[in-house]
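See structure below.
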Amino acid sequence: MKVVKKKKESIAKKVENKKIKLNQEEVMGPDLQQLGFEIKKDLTPKKKKLVFFIILFFLFVVLFVCLHLVVPKIKLNGDSTIEISYFDTYQELGATAQFLGRDLTKKIKITENVDPNKIGTYQIVYSLKDGIFQIKKERTVKVVDKKAPVIELEGEEEYNVCPNEKFQEIGFAATDEYDGTLTEKVKIKETEEGILYTVEDSSHNLYSITRKIHYVDTIPPEITLKGNQTMYLTLNETYQEPGFTAIDNCSKDLTEKVIVTGTVSVGQIGTYQINYRIKDDAGNEQAVTRKVIVSEKTDPNSGSYQKGVIYLTFDDGPSNVTTGDILNVLKEEGVKATFFVTNNGPDYLIKRMYDEGHTVALHTASHNYSQVYASMDSYFNDLKIVSDRVKRITGQTSKIVRFPGGSSNTVSRNYSIGIMSQLSEALFSQGYRYYDWNIDSGDAAGANREKVYQNVTKNLSKNKMNIVLMHDIKIATRDAIRDIIHYGKENGYTFERIDMDTYMIRQRINN
């Protein structure tokens, strides 16, 4: 008990002494040395580290500002980023440099690799070395493509299409100045206006064009008469309808829907009309008329005389070697002609002549002068053979004739005096019409291709009917016919076939 009490008294004494000491400090003021010691004791290692970094950052900022103020500077002329179109020339804008009042522009080295022919992003480097300083600055140049590609449409940009059909693509081509051909990348889409074509190049430039499509039928059907549009009959000769076809661009074959009106009184002289009329599903109409003339005999001065028209006529065929080629040319050029056929050559060529709209006329079965001109009966027997052949192949009776050697030939004198005068009258009395020529190609005499061309073209005239004598069995004629047609078209001539309404060009009869 005594020990505990003594210990308590000792502690109380210490406390009292501290109070006395504190009171003295308040009166005397702090001991600076002691204060610094106390502060130093209170700074932990973490606080010391923080103070260090603050001081270091402050020094770095001061150093950066100083260096920025005292190092050389490069200043770019113009923008730091430039865009140019490909294929354009890049114009260097340059840069300037100053340091402490000195102009260092001439010391700037420029390194650039801009390729204006290739799209891309390029860096131009401006470098400067001055003493201990090495400075660089960059400019960005972008070579870009802002020009859109182009789509070119084949054919027209606006079409009418049958309501029951779809537009059949005609073709197109897409090109770009940078990418080249882009046709395979064209996207096609049907719209209310028509067909939309769109293409995008590698730079995402878009181009589009629309082909306008109208789903309407405004074209009337076409009626094609078989045989001649003007027919001649002698009194009491039976009229046989040669036939016709009707084709429509949308409704196709309308032949069975053609309405035929009109009659022919073969027992009464006069001019009659047979009318053909057709209407397609869209209400478009077409009508044509065939004229039928009934007379006692052919009027030698009848027919239409058309100046400036070329009638290409071919004798002695058909030939399996040349006639087909001549028909090909006529078809390609859209020209109709007249073929005075014989009993030679294949039937299919005569059928082709008729089907393609040419006049199949009568020449001779044998072309043997001694046989043909031996007598009136001999001539008409020969003529009947070739006439029967034409009717068998085409279904039509031809009344258009050309004499072997022409009506002016004199070789017939060797076999029958005066027979040409007798035959011409006999043909007229039976309703035939015969045709000579007023331009001779010279192919029968052996003229070559160039000579055939010259013989025809130099004798053409706008002031007359031009009936040209040629032979479809001649190679020179086959080779010259296209050039002759081109000459006629280029010089304002038109081409027709001979029909029963064509004026008869006849030569002077010499026997």
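Couple of notes before you dig in:
- Amide H within-cut-off set for H214, under 5 Å, with H built and near neighbours excluded: Y159, N160, V161
- Long-range HN-HN contacts of E83 with modeled amide H, under 5 Å: K142
- Cα-centred dipole magnitude for the chain, charges only on beta-carbon of K, R (+1) and D, E (-1), debye, nearest 20: 5260 debye
- Put simply, the convex hull of the Cα atoms in the range 297-386 casts, on average, a shadow of 7.5 nm².
- The range 171-241 - convex hull of alpha carbons, volume per residue in Å³: 163 Å³
- Ranked by how many other Cβ atoms sit within 10 Å of their own Cβ, fewest first, the residues H214, H471 fall in the order H214, H471.
- Percent of alpha-carbon pairs separated by more than 29 Å within the range 118-271: 59 percent
- Using a cut-off of 21 Å between Cα atoms, the listed pairs K226/K399; K75/K118; K336/K451; K226/K291 include K75/K118; K336/K451 as exceeding that distance.
- Counting 0.36 nm for each residue step from I385 to K147 and taking away their Cα separation leaves a gain of 78.2 nm.
- Note on K297 and K49: their simple-model spin labels are 14.1 nm apart, each label 7 Å out from Cα toward Cβ.
- In plain terms, the chain from N414 to T255 could stretch by 52.0 nm, reckoned as 0.36 nm per residue minus the Cα-Cα distance.
- Mean separation of Cα contacts under 8 Å, 6 or more apart, over the residue count of the chain: relative contact order %: 11 percent
- Taking every DSSP helix (H) stretch of at least 4 residues in the chain, weighting each as -39,500 (n - 2.57) and dividing the sum by the residue count yields a mean residue ellipticity at 222 nm of -9000 deg cm²/dmol.
- Inter-probe distance in nm under a simple model that places probes 7 Å from Cα toward Cβ, at Y159 and K451: 5.0 nm
- Whole-Å semi-axes of the ellipsoid equivalent to the range 367-500 (Cα gyration tensor, √5λ, descending): 30, 18, 15
- Relative intensity of the range 222-295 on a log10 scale, I(q)/I(0) at q = 0.17, 0.24 Å⁻¹, equals -0.63, -1.01, per a Debye sum over C-alpha point scatterers of equal strength in the absence of solvent.
- Separation of the H486 and V125 label points, Cα + 7 Å toward Cβ, nm: 6.6 nm
- FRET efficiency for the E169 to N368 pair, using the beta carbon distance and R₀ = 56 Å, is estimated at 0.45.
Read the figures in this text as sums done on the coordinates, not as results from a lab. Keep in mind the model is a prediction, meaning the values are calculated, not measured. Cβ coordinates were reconstructed from backbone atoms using ideal geometry, including for glycine residues, and neighbour counts include every protein chain displayed.
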